[in-house]
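Novice: First, the structure itself, so that you have it in front of you.
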Amino acid sequence: MSNASSIRCLITAGPTREFIDPVRFLSNPSTGKMGYALAEAAVAAGWTVDLVAGPVALKEPDDVILYPVVSAEEMFHHVDALFDACDVLIMAAAVSDFRPVQQHAQKQKKEEASKSIEFERTIDILKTMAERKAHQTVVGFAAETDNVDASARAKLEAKGCDWIVANKVGEAGAGFAADTNKVTLIAADGSSLKIGPTTKAAIAKELIQLITPSAT
Ligand code: CTP
C-alpha cells in the first residue's frame with residue numbers, strides 16, 4: 001500500500017437532513033468544509049477519492065467521485081456500497097443521530113401539526129463499517145463541546161476506529177463553518193497529536209499524511 005495512487009479513500013462530509021415534511025427538517029450547522037478539505041488533500045496526495053456529501057454550498061473538488069445525499073439513511077447506503085473497495089474511510093460528516101418516526105408527504109399546516117415530534121435513532125454508519133472492516137483504516141470525527149479528549153477517546157473505543165479526530169465545537173475559529181480549526185488526532189493505541197489552530201486545508205493535509213496506511 002506504499003504506492004499513493006493505489007489508495008482508495010471514502011470520505012463523508014457535511015450535514016444530513018432528516019425531513020419532517022417537505023418544508024421542515026432536523027439538521028446541524030455543518031458546512032462540509034473539513035470533509036471537502038480532506039477530499040482535496042487526499043486527491044493532492046494521489047489518492048482516489050469517493051466523496052459522499054450531505055447538502056453543502058461548496059464547489060465540487062476536482063478529481064473526486066461525488067455522491068450527493070440528503071439523509072443519514074442515504075449516506076449509509078452509499079458508504080455501505082463503497083466501503084469494501086476502499087482502503088481508508090474518513091467519516092467527517094455530521095450525521096444526524098435522529099430522524100422523525102413519521103415523515104409527512106404533505107406540508108403540515110401549523111395550526112393542525114402536532115407540537116411534539118417523535119424521533120428514532122439513525123444507523124451509526126461509522127460503527128457499522130468499523131465492525132465490518134477487513135484491511136481498511138477507519139477514521140472517525142468526534143464533535144464535542146466539553147471533555148473533548150476524554151469523550152473522543154471513549155468514542156474511538158466504542159466505535160472501533162483506528163483513529164479519531166477530536167474537534168471542539170462552539171468555539172471561535174474552530175468547528176462548524178469556520179475556515180480554521182484545531183483538532184487532536186488520537187490513535188487506537190492511545191497516542192495523540194494536536195494540530196492547529198490553522199486552516200482546515202492545512203489540517204487536512206497533515207491528517208492525510210498521518211493516517212496514510214503503511215506499506216504491507
Ligand atoms: N456518525 C455516524 N453515524 C451516525 C452518527 C455519527 O457515522 N448516525 C459518525 C460521525 O460521522 C463521526 C462520529 O460518528 O465520525 C462521531 O460523531 P459525533 O456526532 O461526534 O458522535 P455521536 O456518535 O453522534 O455521539 P454523541 O452525539 O452522543 O456525542
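The values are calculated or read from the model by the stated rules, or taken from the named source; none is laboratory data. Just so it is clear, the structure is predicted and the values come from calculations on it, not from any experiment. Here the Cβ is made from the backbone with ideal geometry for all residues, glycine too, and neighbour counts use every protein chain on show.
Residues are listed down the side, and each one gets a yes or a no for (1) assigned to a strand (DSSP E or B); (2) within 25 Å of Pro55 (Cα to Cα):
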| position | (1), (2) |
| --- | --- |
| Glu131 | no, no |
| Val139 | yes, yes |
| Val165 | yes, yes |
| Gly190 | no, no |
| Pro197 | yes, no |
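Novice: Would you please name the residue that is farthest from Asp21 (Cα to Cα), looking only at residues in the stretch 104-121 that are exposed (fewer than 10 other Cβ atoms within 10 Å of the Cβ) and of a type in the set (Lys, Arg)?
Specialist: This residue is Lys115.
Novice: Within the stretch 29-46, can one find any residue that is among the basic types (Lys, Arg) and not in a helix (DSSP H, G or I)?
Specialist: Looking through the stretch 29-46, none of the residues is among the basic types (Lys, Arg) and not in a helix (DSSP H, G or I).
Novice: Exactly one condition in (1) within 23 Å of Leu51 (Cα to Cα); (2) within 18 Å of the chain's Cα centre (by Cα); (3) not hydroxyl-bearing (Ser, Thr, Tyr) is not met by Asp62; state its number.
Specialist: (2)
Novice: Can you tell me which of (1) within 16 Å of the ligand (Cβ to nearest atom); (2) modelled with pLDDT under 95; (3) not small (Gly, Ala, Ser) is the one Pro197 doesn't meet?
Specialist: Looking at each condition in turn, Pro197 falls short on (1).
Novice: Moving on to the next point. Which is at pLDDT 95 or above, over 18 Å from the mean Cα position of the chain (by Cα) and more than 12 Å from the ligand (Cβ to nearest atom), of Lys133, Lys107, Lys115?
Specialist: Sole residue among the options that is at pLDDT 95 or above, over 18 Å from the mean Cα position of the chain (by Cα) and more than 12 Å from the ligand (Cβ to nearest atom): Lys107.
Novice: Got a sec? Which of Ile117, Ile123, Ile90 is closer than 28 Å to Asp189 by Cα, aliphatic (A, V, I, L, M) and part of a loop (DSSP other than H, G, I, E, B)?
Specialist: Ile123 is the lone residue from the list that is closer than 28 Å to Asp189 by Cα, aliphatic (A, V, I, L, M) and part of a loop (DSSP other than H, G, I, E, B).
Novice: Testing Glu206 on (1) surrounded by 15 or more Cβ atoms within 10 Å (Cβ to Cβ); (2) in a helix (DSSP H, G or I); (3) over 15 Å from the mean Cα position of the chain (by Cα); (4) within 16 Å of the ligand (Cβ to nearest atom), one condition comes back false. Which one is that?
Specialist: (4)
To keep it simple, each residue is scored yes or no on (1) in contact (Cβ under 8 Å) with a residue 24 or more places away in the chain; (2) touching a His at 6+ places or on another chain (Cβ under 6 Å); (3) of a type in the set (Phe, Trp, Tyr).
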residue: Asp63; (1), (2), (3): no, no, no
residue: Ala72; (1), (2), (3): yes, no, no
residue: Phe83; (1), (2), (3): yes, no, yes
residue: Ala92; (1), (2), (3): yes, no, no
residue: Asp97; (1), (2), (3): yes, no, no
residue: Ser116; (1), (2), (3): no, no, no
residue: Phe119; (1), (2), (3): yes, no, yes
residue: Thr128; (1), (2), (3): yes, no, no
residue: Asn147; (1), (2), (3): no, no, no
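Novice: Ok, one more. Return the residues of the stretch 78-103 that are surrounded by 14 or more Cβ atoms within 10 Å (Cβ to Cβ), more than 9 Å from the ligand (Cβ to nearest atom) and either more than 16 Å from Thr16 (Cβ to Cβ) or of a type in the set (Ser, Thr, Tyr) (or both); say none if nothing qualifies.
Specialist: Within the stretch 78-103, Leu82, Phe83, Cys86, Asp87, Val88, Leu89 qualify.
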